[in-house]
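Here is the structure we will look at, set down as structure tokens.
The values are calculated or read from the model by the stated rules, or taken from the named source; none is laboratory data. Predicted, not measured: the structure shown is a model, and the values here were computed from it. So basically every Cβ, Gly included, is an ideal-geometry build from the backbone, and we count neighbours across all protein chains shown.
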Amino acid sequence: MSTANGHSLKVLQISSAGMEFFLDQVRILEERGIECDALYQGDFRQDGHVHGDRSIHEGLLDSIAGHNPIYYAVRGSMLYPKILQASLAEDYDIVHVNSGVVAPLGLLQPNRPVVMTFWGDDLLGDRLAGLQPKITKLCATQSDHVIVRSQEMKDALPCDATIIPSGVDLSVFEPMPQVEAREAVGWDADDRHVIFPYHKGHEKKRYHVAKRTVERVNRSFEETVRLQDVHDADHDEMPLYYNAADALLLPSLREGSPNTVKEAMACNLPVVSTDVGDTRRRLGPVENSYVCSNDAELVDAVVSVLETGERSDGRVHVREVSLQRMGERIESIYESLLADHRSPR
């Protein structure tokens, strides 16, 4: 993509962490010819925090990790100089801020226009004793365009927003024979397996509910059902786990547009989820998948999925939120903003 001056569109991508879906977004935009510089503080760690820059205050972030003001302040103090330096050194056409956690840092630099993408908990959660959502909403009103993951998020904002769910790479997440997948991940071929693809420490994912659900399923199901909490596998290994499993269980309290659901759909893995984020919209037309209102329904839904022994048809319905489609829609927003900024005021 080129600007009116003929040079390649250049975007500064700012994120709170090196999340897989953020890095996928950068990659797909670059494949579309958009030059991206990505700035973020540390790689995502499966307990929900990030590894800091080990050359600065080694071990400090680990010792204070959590959703608290000191942790956020230290991370921000390490990231902001990089943002300011990049924005002063380069003439970016657009600055794209990803996550309300870093939204203030994205506004405190000289380049315009500014696009903001919010992920879910930064807008709908209760981080910093409820202060984080307020900061996110304020920053949204100061940006040039806002992207959110679901209608619930859009409704929570005091300004307009475009709903663009995070995309899934259909060339990576695709069906494969379950026997081969189970052998590859080392799961017992004689048991049934329910995957919980998160770290147990993610409070909003509610591992304790997933564990209790599978315990109750085992009381009424003849075969042994095992809960597999997969939190330390490389992202490119996850298709093996989805294909090895019989169901994905997501008992979360809050979500935006959970990538795990869409990745499972792309592999035709049945999904059982609470009614959070856009799961009802994603799973509504999908066979052998369920959106539940309470813990008892989670148990019944898992039993139903296991009794059928069938895969879902999720791949057919997930194409509208493919990584490629997400890239097209974000590029369209960039084009519109640049056209507006070139127009006479």
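Listed values, structure above:
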quantity	calculated
Subset of segment 130-152 that is among the polar types (S, T, N, Q) and in a loop (DSSP other than H, G, I, E, B) - its residue that is surrounded by the most Cβ atoms within 10 Å (Cβ to Cβ)	SER150
Positions within segment 225-240 being in a loop (DSSP other than H, G, I, E, B) and without any contact (Cβ under 8 Å) to a residue 60 or more places away in the chain, in sequence order	VAL230, ALA233, ASP234
Test: residue in segment 114-124 that is surrounded by fewer than 22 Cβ atoms within 10 Å (Cβ to Cβ) and either of a type in the set (Asp, Glu) or in contact with a helix residue (DSSP H, G or I) (Cβ under 6 Å, 6 or more places away or on another chain) (or both)	no
Of all residues in segment 191-224 being among the charged types (D, E, K, R) and part of a helix (DSSP H, G or I), the one that is farthest from SER304 (Cα to Cα)	GLU203
Residue match in segment 9-23 (condition: over 26 Å from THR260 (Cα atoms), in contact with a helix residue (DSSP H, G or I) (Cβ under 7 Å, 6 or more places away or on another chain) and either among the charged types (D, E, K, R) or at pLDDT below 60 (or both))	no
Residues of segment 294-306 that turn out to be surrounded by fewer than 14 Cβ atoms within 10 Å (Cβ to Cβ) and either touching a residue at least 24 places away in the same chain (Cβ under 8 Å) or in a loop (DSSP other than H, G, I, E, B) (or both), as a count	1
Failed condition for LYS204, given (1) out of contact with any Asp or Glu (no Cβ under 8 Å at 6 or more places or on another chain); (2) in contact (Cβ under 8 Å) with a residue 24 or more places away in the chain; (3) under 26 Å from ASP295 (Cα atoms)	(1)
Residue within segment 128-142 that is in contact with a helix residue (DSSP H, G or I) (Cβ under 6 Å, 6 or more places away or on another chain), more than 15 Å from ILE333 (Cα to Cα) and of a type in the set (D, E, K, R) present	no
Condition met for LEU323 (over 24 Å from LEU170 (Cα atoms) and touching a residue at least 12 places away in the same chain (Cβ under 8 Å))	no
Hits in segment 307-326 (condition: crowded, with 21+ Cβ neighbours inside 10 Å and assigned to a helix (DSSP H, G or I))	GLY314, VAL318, VAL321, LEU323, MET326
Segment 279-293, residues that are surrounded by fewer than 23 Cβ atoms within 10 Å (Cβ to Cβ) and part of a loop (DSSP other than H, G, I, E, B)	GLY284, PRO285, VAL286, GLU287, ASN288, SER293
Hey, ARG219 surrounded by 16 or more Cβ atoms within 10 Å (Cβ to Cβ), more than 20 Å from PRO175 (Cβ to Cβ) and either at pLDDT below 95 or more than 17 Å from the chain's Cα centre (by Cα) (or both) or not	no
Subset of segment 194-213 (residues that are under 16 Å from THR224 (Cα atoms) and in contact with a helix residue (DSSP H, G or I) (Cβ under 8 Å, 6 or more places away or on another chain))	VAL194, ILE195, ARG212, THR213
Per-region count, segment 116-129, residues part of a loop (DSSP other than H, G, I, E, B) and either without any contact (Cβ under 8 Å) to a residue 12 or more places away in the chain or within 18 Å of TYR71 (Cβ to Cβ) (or both)	3
Matching option when the condition is closer than 30 Å to ASN111 by Cα, in contact (Cβ under 8 Å) with a residue 24 or more places away in the chain and hydroxyl-bearing (Ser, Thr, Tyr), among SER252, SER257, SER289	SER257
Test result for ASP188, part of a loop (DSSP other than H, G, I, E, B), surrounded by fewer than 20 Cβ atoms within 10 Å (Cβ to Cβ) and in the same structural domain as TYR71 (by TED's automatic domain parsing)	no
Only one of ASN268, ASN243 that is in a loop (DSSP other than H, G, I, E, B), more than 19 Å from HIS199 (Cα to Cα) and in contact (Cβ under 8 Å) with a residue 40 or more places away in the chain	ASN268
